[in-house]
Amino acid sequence: MSEEQGGAQTSPSPVEDILRGELPPIPPERRIFVNRNLRMSAIEMIGFDMDYTLAAYRSPEFEQLCLDKTIDKLITKKAYTPRIGQIRFDPSIVQRGLAVDRLNGNILKMDRYNHVWRAFHGREPVPHERIVELYRSRVINFYGRQFAWLDTLFSLPEVSFFTDLVEAQKTGALRLGRQYQRIFEDVRECIDEAHRDDSIKAVVKADPGRHIVKDPALAHTLHRFRSGGKKLFILTNSLWDYTNAVMGYLLNDAMAEYPSWMQYFDIVAVGASKPGFFTGAQPFYEVEPDGPRAGELKPLSPQGAGFVRGRVYHGGNLVDFERLASCGGDRVLYIGDHIYGDILRSKKSSLWRTAMIIPELEAEIACTGRLATELGTLNVAESRRNDLEVRFNQIKIALGALDGALKHADEGEAPELRERHHKLRHALENLKKEHKEVTEQARTLETTIECGYSEHWGSLFREKNETTKFGTQVEDYACLYTSRVSNFAAYSPLYYFLSPRLLLPHEIHV
Ligand code: IMP
Ligand code: MG
């Protein structure tokens, strides 16, 4: 964090921040965006998810590791051909928020109304007519068993892999002898096992730096929250040994005041089983943190007393958490990356305020900046197209009226009416020509813009003029969203995050 970006060293007093109510000078990619007003002064506890929130994974190394371990299992346990080992993770063919149609082997991008705009079958776009036939001609339950959603960055490798397996099967490059649904389920089962049985985690633990990116501003960010009087907790689905290895790599010895990562946090809760944590009744256990019995679970001691700083807890549920922490409701801000497990579930089942970490934002915002000219020209082209359509309709109606008038016109009136008719027809032809050109220009610009974000999938947040499914979920459930936790360091711990006042369609022209 540079001093220019308003880090702790140069930050004005919190009162000044609030009085000013302005954003400090932060580059757009590193800002915190607000869907719902949030006063940091009212927040007493800040919780963090670990994986992809505090710990950013190195891409594509980590995804490739996940795939390598999955491929091993597919070959040894499911008798897949070793030739599947040639397939590499390809970040360009996947994006968060997409849905997999397991039955047909298609990947879909939808907008907020579950309207499917794009689909790929393997590496090939699904033709428009087929999209209409499969997904738009009847009501479909996109939350049923036929579909799987890419809610988390952990899903990207399996969907990239599935896409290439579909491609290989379709082209005959590989004869897998299984239906798409079966292939998807085999991949899901093997990657799930690779996460659970330590195949992936053992490699990360052995050399965290190869797979995890250390954010040099993280320690300072947490320290700044603490100096602002906030209690911090970690609530992760990862188990103790992995959490300890990853957090130790990120924070041990990062600041002299905190030799151990545990010292940043008032509560350390692992194995949380989110989203079940927010709705279930699983009890809390205490974890033996080190020694020969490290990782063993034991009942809480003393029963019912509050969480003790320096101890490690496992499992648990929201109700017990709030009781043992003596804090809850909207005094808690939870920061996570998983739209369903961390954000949507906590928002629906608790009063916790939420902040979502979306690492993709940095590239998206940079791309929007690069495409500013094209976006501006597209707006002008679309508005011109609308004007032309209005004019086009006016002239057509006028021509109809002239036709009517000509039927009843006498010899004296007819020539003038014919002349007008002729001129209007000519104007109509010109309009048609211009409309075609502007439509073509808009289409080309749209393609350039979409490809600027991602050749396959366009923007993470937008599809044509609509918000994507992912963008809508972020809008609906995340009070705040930003690209990384350390972006908070540029804001005072008492900052008042104010959402832009959005106008409803009927308010815009009033
Ligand atoms: P969190 O984001 O810190 O709550 O932790 C996510 C945990 O879920 C990590 O330990 C991941 O390894 C694990 N994980 C991610 N995907 C899967 C899966 O498909 N099956 C089982 N565990 C997973
Ligand atoms: Mg996570």
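The values are calculated or read from the model by the stated rules, or taken from the named source; none is laboratory data. Note that the structure is predicted; figures quoted are calculated from it, not measured. Every residue, glycine as well, gets a Cβ built from its backbone with ideal geometry; the counts of neighbours run over all protein chains shown. Just so you know, the surface numbers come from the protein's heavy atoms only, side chains and all, with ligands and any DNA or RNA stripped out. Shrake-Rupley method; radii C 1.70, N 1.55, O 1.52, S 1.80 Å.
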In nanometres, the difference between 0.36 nm per residue of separation and the alpha-carbon distance of GLU437 and VAL319 is 36.4 nm
How much accessible area per residue does the chain have, in Å², with a 1.4 Å probe?
48 Å²
How many nm is it between the label spots at ARG88 and ASP192, if each spot is 7 Å from the Cα in line with the beta carbon?
3.0 nm
Length gained when the stretch VAL213-HIS128 is fully extended (0.36 nm per residue, less Cα-Cα span):
26.6 nm
Would you mind checking LYS170/LYS469; LYS231/LYS298; LYS69/LYS230 for any pair whose Cα atoms are more than 31 angstrom apart?
LYS69/LYS230
Share of accessible surface on carbon and sulfur in the range 61-208, whole %, 1.4 Å probe and ligands ignored, is 50 percent
Once whole DSSP H runs in the chain are found, which of them have Cα atoms spread over 15 Å or more along the helix axis and a mean Kyte-Doolittle score of at least 0.0?
156-171, 240-251
Give me the extension gain from LEU428 to ASP387: residue separation times 0.36 nm, minus the current Cα-Cα distance, reported in nm with one decimal.
13.4 nm
Based on the Cβ-Cβ distance from LEU504 to MET255, what FRET efficiency comes out when R0 is 45 Å, to the nearest 0.05?
0.45
Could you work out [θ]222 nm for the chain from helices alone, using -39500 (n - 2.57) per DSSP H run of at least four and dividing by all its residues? Round to the nearest 500 deg cm²/dmol.
-13000 deg cm²/dmol
For ASP476 paired with THR279, estimate the spin-label separation in nm (one decimal), with each label point 7 Å from Cα along the Cα-to-Cβ line.
1.4 nm
For the charge dipole of the range 61-208, defined by +1 on Lys and Arg C-beta atoms and -1 on Asp and Glu C-beta atoms about the Cα centroid, which residue among ILE93, VAL126, HIS195 has the Cα displaced farthest towards the positive pole?
VAL126
Compute the distance from the alpha-carbon center of the range 259-318 to that of the range 376-444, in whole Å.
72 Å
Could you give the nm distance between label points at LYS348 and LYS78, where each point is 7 Å from its Cα heading toward the beta carbon?
2.8 nm
How would you order 269-277, 198-206 from highest to lowest mean count of nearby Cβ atoms within 10 Å?
269-277, 198-206
Of the accessible area of the range 343-499, with the probe set at 1.4 angstrom, what percent is carbon plus sulfur?
52 percent
